[in-house]
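Student: Provided herewith is a single structure, encoded as C-alpha cells, for subsequent inquiry.
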Amino acid sequence: MTREIKFRGKRVDTGEWVFGYFAYISDGTTEHKKIPVIFTGDTGYNLYEELVIKRFEVIPETVGQYTGLKDKNGKEIYEGDIATIAWHPEEPLKKIKNLWVVRYSGWKFNAEPNRETLKPLGSTYAEVLEVIGNIYDNPELLKEIK
C-alpha cells in the first residue's frame, strides 16, 4: 500500500488549516532565516501562462504529518489529532490522547492516557478510531482525557 506524504498546518495570516507539502524556505535575506511553509495543490497560471503553485507560511507548532490512515468515517488522521476509540463494537467510545509519531518506530497512539502504553496505529486500530478534534483547535478535550 502506498502512503501519501502530506502535512497540515495553520496559516500565519488567517489561522486556517492548509494541506500539502511542508518545507522551510529562506526569507531571502543574508541571514537566511527559515520560514515554514506548506505548498498546496492549488495551482494556476499567471498572465504569462507560467504555472504558479501556492504556498502559505504556517505556524510551525501546528504542523502535523498525515498518517496515511483514515478513521472509521473516512476522515484523514494527522499527527496531533484527538480521537475516540471503541475496542469492542458493544463498548461505548472513550477518549484517547492525541496521536503522535515515534521516530523510526512508526505511528503510535497513547491508549491509556495515564500510562506510557503505546499502541501501533495500524489499519486495524484506525478502523475503530473517530477523529473528534485536534490539540490545536480543541485543547479542552485534553482535559477530558486525564
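Student: Distance in nm between label sites at Ile132 and Ile5, each 7 Å beyond Cα in the beta-carbon direction?
Tutor: If labels sit at Ile132 and Ile5, their model points lie 3.4 nm apart.
Student: Describe numerically, in nm with one decimal, the distance between label points set 7 Å from Cα along Cα→Cβ at Thr30 and at Ile59.
Tutor: According to this spin-label approximation, the distance is 3.4 nm.
Student: Continuing with this model, one more query. Can you give the FRET efficiency to the nearest 0.05 for Ala23 and Thr124, using r as the Cβ-Cβ distance and R₀ = 41 Å?
Tutor: 0.80
Every number here is computed from the coordinates shown, using simple stated rules; none is lab data. These numbers come from a predicted model, not from an experiment. Virtual Cβ from ideal backbone geometry, glycine too; neighbours counted across all protein chains shown.
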